[in-house]
Amino acid sequence: MKILCELFVICLFNLAYVKADCGIVSKKEWDALSPLHVEYLPRPVPIVIIEHTVTDACNTDAACVNIVQNIQNSHLDINYWDIGPNFLVGGNGKIYEGSGWLHVGAHAYGYNRRSIGISFIGNYNNVAPTPQQMNAVKSMIQCGVERGHLSPNYHLVAHKQLIATESPGRKLYNEIRRWPHYLEDVSILKN
């Protein structure tokens, strides 16, 4: 009986650890398709790139899951290995696993093998992100540092600082420029 109790406690601990990975909605939970190939990121990752999807925004679980699934389908159709961003954040304040903490994403050409890409679902040129989105991303980044996924001295940048794009949109860009770890001069990151 004692052995059974110990095994039960160990199973609960392992289940809690898996489910508590920074509060992220797993690929299994949003019914993702399997990736065609994976490449592992060297850790800890030194760069966080903030982007936006330029899709409709979403504020409900069902709407966000639908958009994330559509993005993955679109990316697989254009010969990506998987969904491009490492993570996507909905207006509902939930973070959806893309390529995740461990795998190389396809979100910023030339930087994918040394960065985590976080895409805010929606278009943030004229609309500000929700407080739920901002808080969720800040918490996830902190958790990523604590778990050893991100370097404690990571650099946070906007997609537009690295390649010619409007991403993450004017309103979101204005927000992240005030975050700790934001790097104004990205010349030290250039390939």
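The values are calculated or read from the model by the stated rules, or taken from the named source; none is laboratory data. Small disclaimer: the values here were computed from a predicted structure and weren't measured. No Cβ is skipped: glycine too gets one built from the backbone with ideal geometry, and neighbour counts run over all protein chains shown. These accessible areas exclude ligands, DNA and RNA; they are computed on the full protein's heavy atoms, side chains included. Shrake-Rupley method; radii C 1.70, N 1.55, O 1.52, S 1.80 Å.
Annotations
- Qualifying residues in the stretch 76-89 (those that are surrounded by fewer than 20 Cβ atoms within 10 Å (Cβ to Cβ) and of a type outside the set (F, W, Y)) - the one nearest to C22 (Cα to Cα): L76
- Tally of residues being in contact with a strand residue (DSSP E or B) (Cβ under 9 Å, 6 or more places away or on another chain), free of Cβ contacts under 8 Å to residues at least 40 places away in the same chain and over 23 Å from G90 (Cα atoms) across the stretch 162-183: 1
- The stretch 113-123, residues that are open to solvent by 10 Å² or more (accessible area, probe 1.4 Å) and in contact with a Leu (Cβ under 9 Å, 6 or more places away or on another chain): R113, R114
- Failed item, numbered, when C64 is tested on (1) in contact (Cβ under 8 Å) with a residue 12 or more places away in the chain; (2) open to solvent by 10 Å² or more (accessible area, probe 1.4 Å): (2)
- Residues that are farther than 23 Å from Y80 by Cα and in a strand (DSSP E or B), drawn from the stretch 103-156: L150, S151, P152, N153, Y154, H155, L156
- Cβ-Cβ under 8 Å pairs, at least 6 apart or on other chains, the stretch 98-120 side touching a residue at least 60 places away in the same chain (Cβ under 8 Å), far side open to solvent by less than 10 Å² (accessible area, probe 1.4 Å) and among the acidic types (D, E): G117/E51; I118/E51; S119/E51; F120/E51
- Single residue of N126, N92 found to be open to solvent by 80 Å² or more (accessible area, probe 1.4 Å), over 13 Å from the mean Cα position of the chain (by Cα) and over 16 Å from I49 (Cβ atoms): N126
- Looking across the stretch 44-81, the residues that are part of a strand (DSSP E or B) and not acidic (D, E) come down to V45, P46, I47, V48, I49, I50, H52.
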